[in-house]
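What follows draws every value from the coordinates through simple rules; no lab data is involved. Since the structure is predicted, the reported quantities are computational estimates derived from the model, not experimental observations. Backbone-built Cβ (ideal geometry, glycine too); neighbour counts: all protein chains shown.
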Amino acid sequence: MFSKTSTRTSTGLSWESLARLRQALDRADAVVIGAGSGLSTSAGFTYSGPRFQAHFGDFIEKYHIPDLYSGGFYPFPSLEEYWAWWSRHIYWNRYVDAPKPVYDDLLELVREKDYFVLTTNVDHQFQKAGFDKARLFYTQGDYGLWQCSQPCHPATYDNEAAVREMVARQKDLRVPSELVPHCPVCGRPMTMNLRADHTFVEDQGWHQAAARYQDFLQRHQRSRVLFWELGVGGNTPAIIKYPFWNLTYQNPKATYACVNLQDAFAPKELQKRSLCVTGDIGAILKALS
């Protein structure tokens, strides 16, 4: 549908671009937020650098893991070591508050709006900031949930208590064997509820959220909708970016806004109804409010 030629309606952070974005937000009857990893990065959830070194220095030293993302795919030789890594990974990226109030600032901007959030993030920060759970669709899973590694049944399990105990009791990069989680149905090892392959479990809550999102889009298909993309990269454009382009194109009253640290763009077909702002998301949200 769209040409390969893109347009950048703003090449950086300026008062003009902020004013246009603020105006689009104020005029919108509804706001659909599409959030990618760049939003959490702006909030302080960095996957490398000082924060990673501070909390995972022992793993770096022993396994030479370069960053948090790579660690998620490391072939640990035992389940005890696997869960020592993952319990710490989950704890610091799910149960600890974001270092910066970026999610709080975003909520203040849309609190009085009819909004919905579609996100590929799995760190639960929208709910921790106070966003309405019924207005959230986590498409790629949740660090706070486990599932059967088979999976033998379509259910997920809350892991907070188990994760906190693993973090507290791990020693020499291992958790006690009795803490290794196993499926209550088939006995196989549990794994993260993260979309990595065909074994990802879309549980009842996932399908209910998907239905609420589709209902929201249906109700506002002729409204003045702001499709607001925040920190979405090029890894999974078919989840947020491409659908937002199509939805904006189909609704002549809609506006597409893209905010990204490095590369904010839109197809030329949406040039008159798109706002692209390059800059730190946290700084932009603070300026808007």
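Using the alpha-carbon atoms, what tilt in degrees (0 to 90, nearest 10) does helix 160-169 show relative to the longest principal axis of the chain? Here the helix axis deviates by roughly 50 degrees. Would you please classify the overall shape of the chain from the alpha carbon gyration tensor, given that a ≥ b ≥ c denote the square roots of the eigenvalues, rounded means a/c under 1.5, and beyond that prolate means a/b larger than b/c while oblate covers the rest? It is prolate, given that a/c is not under 1.5 and a/b is the larger ratio. Computed about its Cα centre, the charge dipole of the chain is approximately 1020 debye, with only Lys, Arg, Asp and Glu carrying charge at their Cβ. Listing HIS220, HIS124 from fewest to most neighbouring C-beta atoms within 10 Å gives HIS124, HIS220. Note on ARG111 and GLU16: with the Förster distance fixed at 22 Å, the Cβ-Cβ geometry gives a FRET efficiency of about 0.30. Here the spin labels are modelled as points 7 Å beyond Cα on the Cα-Cβ line, and at GLU178 and PHE265 they lie 5.7 nm apart. Note that the stretch 229-238 has calculated 3J(HN,Hα) couplings of 8, 10, x, 8, x, x, 6, 9, x, 6 Hz, one per residue in order, obtained from phi through the Karplus relation 6.51 cos²θ - 1.76 cosθ + 1.60 (θ = phi - 60°); glycine and proline are x. Considering only trypsin sites (Lys or Arg not before Pro) in DSSP loops that have at most 13 other Cβ atoms within 10 Å, the longest stretch of the chain without any of them is 112-221. This ranking places CYS183, CYS152, CYS258, CYS276 by how few other beta-carbon atoms lie within 10 Å of each, fewest first, which gives CYS152, CYS183, CYS276, CYS258. For the residue pairs LYS128/LYS253; LYS133/LYS241; LYS128/LYS268; LYS133/LYS286; LYS100/LYS133, alpha carbon separations beyond 27 Å are given by LYS128/LYS253; LYS128/LYS268. Distance distribution P(r), the stretch 1-143, all Cα-Cα pairs, bin width 5 angstrom from 0: 2, 8, 15, 17, 16, 14, 11, 8, 5, 3, 1, 0 percent. Of all DSSP-defined beta bridges confined to the chain, some 30% are antiparallel rather than parallel. A simple spin-label model places pseudo-atoms 7 Å from Cα toward Cβ; at GLN208 and ARG51 they are separated by 3.0 nm. Taking only the alpha carbons of the stretch 215-289, we obtain Rg and Dmax values of 12.5, 33 Å in that order. Residue-wise HN-Hα couplings along the stretch 276-285, as the Karplus relation 6.51 cos²θ - 1.76 cosθ + 1.60 with θ = phi - 60° gives them from phi, are 10, 10, 9, x, 5, 4, x, 5, 5, 5 Hz; Gly and Pro carry x. Phi angles across the stretch 125-132 convert, under the Karplus curve 6.51 cos²θ - 1.76 cosθ + 1.60 with θ = phi - 60°, into 3J(HN,Hα) values of 6, 5, 5, 5, 7, x, 5, 5 Hz, Gly and Pro given as x. The lysines whose alpha-carbon is closer than 27 Å to the alpha-carbon of LYS171, local same-chain residues fewer than 8 away aside, are LYS62.
Over the stretch 50-173, calculate the relative contact order: mean separation of alpha carbon pairs under 8 Å at least 6 apart, over the residue count, as a percent.
The value is 26 percent.
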